[in-house]
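Notes follow the structure.
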């Protein structure tokens, strides 16, 4: 399956670029990711637990970053083996463009599954992959730019709220 | 008066008592001392090179007794194709080795490349997963689409076969130019491209096998879900394992359906035998449902272009087809015969068509093997033909019933030599068509259509006049056609000393009801009660020989062997009777279970003769052996040619595209009918499967060769509410002229004749409803497909 989407992140391209290369960000953003290790240059080893329809499995696999053009684009590819569940493969080509509001992030995602996942879960795999991608980029956006406006509204009424909480945790780290 | 016993009686199926009360004896029911469990390790990718299989961790896991990989079977033979097909240019088909376990490459999802034997099933399953995790397979691009497979020589299912082509067959190649010329000259030409959808057989009982080895004698025993234990033994002995036939017993006990998928020998059968020998313990394997979806031989999967040339009045002048037939990753045993001699030879149907030419290209792909499935080739031919004839009628503005009447062979034209190689012996296609028109109340259709319209539904009526060649078949003919085996059958009639009878038959019953019908035939001929006859089948140690059950052949071929054996019994009985009654042998007649001297009241009952044969105190021992047991092998002179007319009515919901089968009428000619109830049941089952194919069932692989319909959640089987109450008739019988029972076979008929009737009805409904832009919808005509066609 294939899908495309685009979203605007309120941060400059170098901040977004740095976030994408950060394993801690990836760990936090990949839904169901419990472990990740490695580096952008050597690739990452990740463990992800997910339930796809009737099949729940822990996928262990490699995430590689390639075709990297700093602050502009890269390709994220992953392949995970889920034991009896089969396997999942996917990739996303991510492009960044500097715009007045921050960075426009465009991604083209491609995903496929094999084994039991395909035999039992194919009906729901497209929806599932879309949900995974949406969730990844939602989390990524939150990590980079901080809470959404509704969250901010909550934060503002919160007495303990200070300026720091309005930033995403990643932004806090680097700012 | 309907008979209540013997031939023609609707005797209740005696086997159903054990099937329905849970005391059947299926392979998986068998529990053996010291048995072990096998689990196959199957590929999760469609196409890949096996880089490394590290067995160490799996082998050390709790309970694991042995690990097998393709290496262990590298030295033994492959599982062969049963028919050699030559291409149009005379070259033989490409026949890659089909190993017990994949070696070097995996070629479809579900291709087994290793096996674990362990103390328990759970232990074997765990170790199989570990082995899978420890196996490195380099995934290669999957070859799924047939036309793409032929076009790309760089990507090969089998490295030694450059264009993935098994054969390019022409039938009959010498007639090709004449057919082309006739097509060219025809005043009207109809062209239709269609897909005969791929089906998973889905027998209720999954495949299962148990291997045993007896070191004291060196004997092997295989208990397995087979439609033909002798054929399985032959394949294992002569081709795969080299075990001498006299050291291998194959037992196929109760088998819960096959529909073709259990004709073939599979690697698991060889695996359990090899493992049993290595371990000295029984080894059992039972497929999980997903394994059945992945590894049972699938059915159909043809993509066909059919052209029909005709006059403006609807006289068919020429038919030409080009078919791509998917054989999957390996050649299953009948896979080369199914799209060729079981398909091309039927392409003139029940019609007098002067010119017919059939071209079939069989293509390897990274999918499960495809082979014969109920009807095998004949449903594909019938579907193409009956769809294109309907399209011709529509294009010419003619009535589809009249078009068929115009082209059907007439009773005076038999025997009829078809332009595609068959000699039809008997038939009366007008009679079955008239009967279907009457029973289907064609005259009342308009009123029913109006009633449907009032509910907002579009009603349509579809017709299919079908024929098949079954009871396969004469060995000398199939030998010329490329068969590597004979297709006779055998039976032994053993009269026991107290007069009851055991009949050992080569046909195998896996739901058909042979135990009942065969007993009826014996009881009728020998004049004894059905209850005195026991039918024994499915064990190579008990029965003389047999080619098994498929191709609607059991009664026509094996039943005839049984009849011949009874002739020998009666002939010997006459000799015994002549001695006992002190009469000349020529004066003894046999009727109603009695041997009598003509013109006198002197007679001996069948039981008295049997007793005398085993207690030969007053017996012609100088000239006659004691005992009363005879065997006959029967090789028929020809195929049999059942035929019929099917009328389907459907209601289509134009808003949702949902198709409902409103009625289904069958008028069949099966020759003589031995048990009307069982025949009707066979037709019900066949039509149910045909409706399943037409409306619901489809096997889908994605572009990576992943099976997306691997469970009953995604593969839609017909259920009770998907089929109507059928109207079934077999009264228009023209008995087969060349077998002693005059029978033609009924097992596949329903699955052959029904799919085009359903689709013709759907197209008819749309056209009557004013949706005339829809010329064809490929099966299965799911609501989505129909809705899209309506709204295209």
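Nothing in this text is a laboratory measurement; each read-out follows from the coordinates by a stated rule. Keep in mind that what you see is a predicted model, and the values were worked out from it rather than measured. Here the Cβ positions follow ideal geometry from the backbone for every residue, glycine too, while neighbour counts run over all protein chains shown.
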Problem set entry | Gain upon complete extension [residue B:410, residue B:76; 0.36 nm per residue less C-alpha separation] | 114.9 nm
For this session: Between residue A:10 and residue A:131, take the C-beta separation as r, use R0 = 25 Å, and let me know the FRET efficiency to the nearest 0.05.
Result: 0.60
Problem set entry | Sites residue B:587 and residue B:12, calculated FRET efficiency, Cβ-Cβ separation with R0 51 Å, nearest 0.05 | 0.80
Exercise. Of the beta bridges DSSP finds with both residues in the protein assembly as shown, what % are antiparallel, to the nearest 5?
Worked result: 85 percent
Seminar exercise, completed: Residue-normalised 222 nm signal for the protein assembly as shown, counting each DSSP H run of n ≥ 4 as -39,500 (n - 2.57), nearest 500 deg cm²/dmol, is -8500 deg cm²/dmol
Exercise. What length, rounded to one decimal in nm, is gained on full extension from residue B:531 through to residue B:134, with 0.36 nm per residue of separation minus their alpha-carbon distance?
Worked result: 137.1 nm
For this session: Calculate the tail of P(r) for segment B:159-312: the fraction of all Cα-Cα distances greater than 21 Å, expressed in %.
Result: 61 percent
For this session: Calculate the translational D of segment B:306-372 in whole µm² s⁻¹ from Stokes-Einstein, where the hydrodynamic radius comes from the Kirkwood formula applied to all Cα pairs, the temperature is 4 °C and the viscosity 1.567 mPa s.
Result: 98 µm²/s
Exercise. Which percent of Cα pairs goes in each bin when the distances of the protein assembly as shown are cut into 20 angstrom slices starting at zero?
Worked result: 13, 38, 32, 13, 3, 1, 0
For this session: For a quick protection proxy, order the peptides B:574-585, B:557-568, B:165-176 by their average other-Cβ count within 10 Å, most packed first.
Result: B:557-568, B:165-176, B:574-585
For this session: Can you tell me the FRET efficiency between residue B:5 and residue B:778 if r is taken as the Cβ-Cβ distance and R0 is 41 Å, rounded to the nearest 0.05?
Result: 0.30
Problem set entry | Diffusion constant of segment B:224-383 at 4 °C, which comes from Stokes-Einstein with the Kirkwood Cα-pair radius and 1.567 mPa s, µm²/s | 73 µm²/s
For this session: Could you tell me what % of all Cα pairs in chain B have separations over 36 Å?
Result: 47 percent
Seminar exercise, completed: In Å³ per residue, the alpha-carbon convex hull of segment B:504-586 encloses 105 Å³
Problem set entry | Separation in nanometres of the label points that stand 7 Å from Cα toward Cβ, at residue A:98 and residue B:19 | 7.7 nm
Exercise. Once both labels are modelled 7 Å past Cα along the beta-carbon direction, what's the residue B:26-residue B:541 spacing in nm?
Worked result: 2.4 nm
Seminar exercise, completed: By the mean-Cβ-within-10 Å protection proxy, highest first, B:673-686, B:458-471 rank as B:458-471, B:673-686
Problem set entry | Choice from A:102, A:43, A:53 with maximal GNM fluctuation in chain A (Cα, 10 Å cutoff) | A:53
Seminar exercise, completed: Correct semi-axes for segment B:297-429, from √(5λ) of the alpha-carbon gyration tensor and rounded to whole Å with the largest first, are 29, 17, 11
For this session: Multiply the residue gap between residue B:500 and residue B:54 by 0.36 nm, knock off their C-alpha separation, and tell me the result in nm, one decimal place.
Result: 154.6 nm
Seminar exercise, completed: For segment B:528-645 the mean separation of alpha carbon contacts under 8 Å (6+ apart) over residue count, i.e. relative contact order in percent, is 25 percent
Exercise. For segment B:418-490, what is Rg from Cα atoms divided by 2.2 N^0.38 Å, rounded to two decimals?
Worked result: 1.84
For this session: Mind checking A:115-126 for the average number of partner chain beta-carbons within 10 Å of each residue's beta-carbon?
Result: 6
For this session: Only bridges with both residues in chain B count here: give the DSSP antiparallel percent, nearest 5.
Result: 80 percent
For this session: Taking the Cα atoms of segment A:2-174, report the difference between the largest and smallest coordinate on each principal axis, in whole Å and largest first.
Result: 50, 37, 28
Problem set entry | Burial order of peptide ranges B:208-214, B:645-651, B:80-86, B:598-604 (average beta-carbon count within 10 Å, highest first) | B:645-651, B:208-214, B:80-86, B:598-604
Exercise. What are the extents of the Cα atoms of segment B:488-634 along their three principal axes, listed from largest to smallest and rounded to whole Å?
Worked result: 47, 28, 24
Exercise. Considering only segment B:488-634, what is the antiparallel percent among its DSSP beta bridges, to the nearest 5?
Worked result: 80 percent
